[in-house]
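Here's the structure, in structure tokens; my notes come after.
The values are calculated or read from the model by the stated rules, or taken from the named source; none is laboratory data. This is a predicted model, so every value here is computed, not measured. For neighbour counting, all protein chains shown are included, and Cβ atoms are generated from backbone atoms with ideal geometry for every residue, glycine included. Side chains included, ligands, DNA and RNA excluded: accessible areas come from the protein's heavy atoms. Shrake-Rupley method; radii C 1.70, N 1.55, O 1.52, S 1.80 Å.
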Amino acid sequence: MCGILGTVNTAFDNDVLDLIKHRGPNDSGIEQIAMALDTVYLGHRRLSIQDLSSAGHQPMWSSCGKYAIIFNGEIYNHLELRKKLTPIDFKGHSDTETIINYIANFGIQSIDTFNGIFAFCVVDIEQKKLYLARDRYGVKPLYYYQGKESLIFSSEMRSIKKLTSPTINRDNLHTLLKLRYSPSPTTLFDSIQKLRPGHILEYDLNNHQTTLTTFIKPIKLNKSLSFDAALEQYAQLFEQAVKRQLLADVEVGVLLSGGIDSALVAYFAQKYSNKPIKTFTIGFSEDDASDETADARETAKIIGTEHFEVKINSDEFEAIFKNCIGIVEEPLATTSIIPMYYLNQLVSEHVKVVLTGQGADEPLGGYTRYQGEVWRNKLPAFIFEWLKPLGSLFKNESLYRALFALGENDTCKRFECIYALFRDEEIAQLIGTSKDKSLENIRYFYELLDGQHKDSVNAMMSNDLRMNLADDLLLYTDKISMHFSIEARVPILDNDLIDFVESLPLAYKINGKNGKYIHKKFAEKVLPKEIIYRTKKGFKSPTEKWFQGEKGLYFKELLTQKNTHFAQLFNVETVGKFFN
């Protein structure tokens with residue numbers, strides 16, 4: 001795990017590389033590769049997790065000397081891949097050494113066999129080509145800037161911004177306000193892009209042209225599998241996923257909430273540990289329904305982990321607010337970033353690697369929006385069209401969006417309406433009229449994943465897995481955890497497990513009012529029902545209470561000041577009205 005920085009025809013030094021030192025405080029390296037009229041610079045900051053020796057140093061070369069790599073991530077099946085290689089005199093046991101030689105032997109498209117999380121650059125010396133690749137669910141971010149004869153890429157935007165002068169793109173701002181996050185390939189800036197999850201960017205140094213391809217393949221539904229057989233296979237794949245992701249030469253802990261997902265991960269992590277694993281929970285000082293510390297404490301006691309927790313209050317929320325904005329780099333419509341900061345601060349005092357329970361809700365139907373889509377398929381569309389005007393009468397945001405969206409017949413437009421934080425006319429009041437890119441981004445993955453030949457609920461879940469999850473929840477988890485030099489792993493996004501889940505009939509995932517149906521039935525085999533069927537709280541914070549008092553007035557004043565850069569982009573009077 002590390003931070004990567006690379007350029008073509010744009011030199012950089014350790015001062016620029018050290019802007020991402022937090023991603024890799026254990027080692028660093030910069031290598032310059034002359035290629036005809038071009039020069040490629042590869043920079044790397046290392047967080048040592050597998051093979052703590054110098055044999056894991058990067059940039060790293062293939063044994064044939066024709067390929068170089070800088071790599072951010074973990075490949076959990078790399079020892080299996082290593083067995084497929086012809087005899088090589090390996091210098092160590094790092095996954096980096098495996099994959100650079102694997103690509104040298106089998107080509108760049110062979111990365112579809114990599115089961116893990118990654119963002120990397122590979123340079124092919126003979127063909128004079130450079131490849132950027134991002135894992136299929138976008139757990140690791142990868143940003144890039146392309147000039148006329150230059151390319152700059154990095155794990156974080158701060159290094160690219162140091163070497164360029166990006167400006168805010170109003171169309172991208174419109175999309176951000178619509179979807180709550182910036183979907184790949186967009187960022188808030190005009191000249192910085194994110195590589196989409198499951199994609200490869202090929203940069204040809206012969207002509208400075210780029211080509212984008214994907215290694216994502218649509219999964220076909222398996223309608224012949226019985227539920228009992230599916231449950232047995234799900235159990236095997238889930239346990240295998242957690243066992244795989246314990247691969248490390250350092251201690252591994254677990255982020256534990258009060259819910260079922262992290263409890264299952266912790267259960268199997270403990271099963272394969274010869275001592276109590278360390279688990280970590282964040283909570284809140286005041287009495288609030290979002291506090292999960294008591295539930296997590298009970299889960300830890302049942303599983304038998306060594307448990308740690310921390311609680312924060314509204315003053316601590318405010319104290320770290322500005323810092324978190326700088327860490328995450330991209331605006332996101334969630335206050336969960338703040339507790340995630342304090343949770344990782346606690347983790348950093350104990351371990352360098354944590355498993356998380358993230359990634360279950362999207363593929364397994366854990367959100368209420370999937371229930372809405374189920375009902376939409378059962379009832380005539382005109383009923384929802386008739387109910388749409390009633391949406392303005394409800395203060396509940398989810399119900400408001402659902403009533404507004406479910407009358408829409410175009411599937412991708414309906415998805416857009418379901419996600420929308422603000423409607424187009426509201427965005428026009430805030431920033432003026434701009435081009436909105438949200439629909440084209442939704443439609444891109446919908447068509448890539450063959451959504452038109454799936455039921456709309458499965459299609460929405462497949463889209464969410466590569467969009468909302470990747471560029472919102474996983475984005476801030478990666479940025480915050482890496483700020484504290486912690487590797488956050490996501491066992492539920494194991495390739496084999498998700499491929500299987502996406503092949504299951506909808507009824508195995510959403511059964512009546514029960515989302516994550518097969519997941520919960522599996523959990524019943526290993527966990528008590530009081531853990532499995534607790535009321536879902538999500539990873540929230542009591543900001544609704546905080547914003548209604550003095551803290552709310554503070555943030556409102558911050559947002560409605562007139563002589564700020566923010567005021568150049570937003571109508572601050574409208575902002576004040578929305579805030580109220």
- May I ask you to list the residues in segment 521-543 that are open to solvent by 40 Å² or more (accessible area, probe 1.4 Å) and either among the hydroxyl-bearing types (S, T, Y) or within 25 Å of the chain's Cα centre (by Cα) (or both)? Y533, T535, K536, K537, F539, K540
- Query: Residues I99, I103, I111, I88: which one is open to solvent by less than 10 Å² (accessible area, probe 1.4 Å) and either outside any helix (DSSP H, G or I) or under 22 Å from K243 (Cβ atoms) (or both)?
  - Reply: I99
- Lone qualifier among E74, E80 - being crowded, with 23+ Cβ neighbours inside 10 Å and either of a type in the set (D, E) or assigned to a helix (DSSP H, G or I) (or both): E74
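Do you know which residues across segment 463-513 are among the small types (G, A, S), closer than 15 Å to L343 by Cα and open to solvent by less than 10 Å² (accessible area, probe 1.4 Å)?
Matches in segment 463-513: S481 only.
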- Is there any pair linking a residue in segment 118-130 that is more than 14 Å from I152 (Cα to Cα) to one that is open to solvent by 10 Å² or more (accessible area, probe 1.4 Å) and of a type in the set (S, T, N, Q), with Cβ under 7 Å and at least six apart or on different chains, and which? K128/N206
- Note on the structure: For segment 290-309, pairs from a residue that is under 28 Å from W546 (Cα atoms) to a residue that is of a type in the set (F, W, Y) and open to solvent by 40 Å² or more (accessible area, probe 1.4 Å), with Cβ under 9 Å and 6 or more apart or across chains, are S290/F539; E292/F539
- Query: Where residues in segment 1-17 are open to solvent by less than 20 Å² (accessible area, probe 1.4 Å) and not in a helix (DSSP H, G or I), which of them is farthest from Y144 (Cα to Cα)?
  - Reply: M1
- Query: Yes or no: I338 closer than 22 Å to T279 by Cα and either open to solvent by 40 Å² or more (accessible area, probe 1.4 Å) or part of a helix (DSSP H, G or I) (or both)?
  - Reply: yes
- Query: Within segment 292-326, can you find the residues that are over 30 Å from F268 (Cβ atoms), surrounded by fewer than 21 Cβ atoms within 10 Å (Cβ to Cβ) and of a type outside the set (D, E)?
  - Reply: N313, S314, A319, I320, F321, K322, N323, C324, I325, G326
- Item | strands (runs of 3 or more DSSP E) contained in segment 115-171 and holding at least 3 residues open to solvent by less than 10 Å² (accessible area, probe 1.4 Å) and on the phi > 0 side of the Ramachandran plot | none
- Message: Just to be sure I understand the filter: pairs with C-beta atoms under 6 Å, separated by 6 or more residues or on different chains, first member in segment 463-479 and more than 17 Å from G451 (Cβ to Cβ), second member aliphatic (A, V, I, L, M) and part of a loop (DSSP other than H, G, I, E, B). Which pairs pass?
- Response: D472/L332; L474/V139; Y476/L332
- Task: Only residues that are open to solvent by less than 70 Å² (accessible area, probe 1.4 Å) and assigned to a strand (DSSP E or B): list them for segment 212-250, please.
- Result: T213, T214
- Might you check whether a residue that is in contact with a Cys (Cβ under 8 Å, 6 or more places away or on another chain) and open to solvent by 10 Å² or more (accessible area, probe 1.4 Å) occurs anywhere in segment 427-445? yes
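Do we have T535 as out of contact with any Pro (no Cβ under 9 Å at 6 or more places or on another chain), polar (S, T, N, Q) and in a loop (DSSP other than H, G, I, E, B) here?
Yes; evaluated as a whole, the condition is true for this residue.
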- Query: If only one of Q345, Q358 is open to solvent by 10 Å² or more (accessible area, probe 1.4 Å), in a helix (DSSP H, G or I) and among the polar types (S, T, N, Q), which one is it?
  - Reply: Q345
- Being at pLDDT 95 or above and part of a loop (DSSP other than H, G, I, E, B) is the filter here, so list the residues in segment 498-524 that pass it. L504, P505, I510, K516, E524
- Note on the structure: Here the residues within segment 558-572 that are assigned to a helix (DSSP H, G or I) and loosely packed, with under 11 Cβ neighbours inside 10 Å are H565, Q568
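Could you check, for segment 18-30, whether at least one of its residues is open to solvent by less than 20 Å² (accessible area, probe 1.4 Å), in a strand (DSSP E or B) and either within 16 Å of F153 (Cα to Cα) or modelled with pLDDT of 95 or more (or both)? Before you say what the answer is, go through the steps one by one.
To start, the set of residues in segment 18-30 that are open to solvent by less than 20 Å² (accessible area, probe 1.4 Å) comprises 20, 23-24, 29.
From what is left, the residues that are in a strand (DSSP E or B) are 29.
Remaining after also requiring either within 16 Å of F153 (Cα to Cα) or modelled with pLDDT of 95 or more (or both): 29.
Within segment 18-30, one or more residues are open to solvent by less than 20 Å² (accessible area, probe 1.4 Å), in a strand (DSSP E or B) and either within 16 Å of F153 (Cα to Cα) or modelled with pLDDT of 95 or more (or both).
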- Determine whether segment 300-323 contains at least one residue that is among the acidic types (D, E) and in a strand (DSSP E or B). yes
- Item | Criterion (farther than 20 Å from L201 by Cβ, crowded, with 16+ Cβ neighbours inside 10 Å and at pLDDT below 95) met by exactly one of S54, S48 | S48
- Task: Could you name every one of the helices (runs of 4 or more DSSP H) located completely within segment 418-497 that has at least 2 residues being within 30 Å of E573 (Cα to Cα)?
- Result: 424-431, 438-448
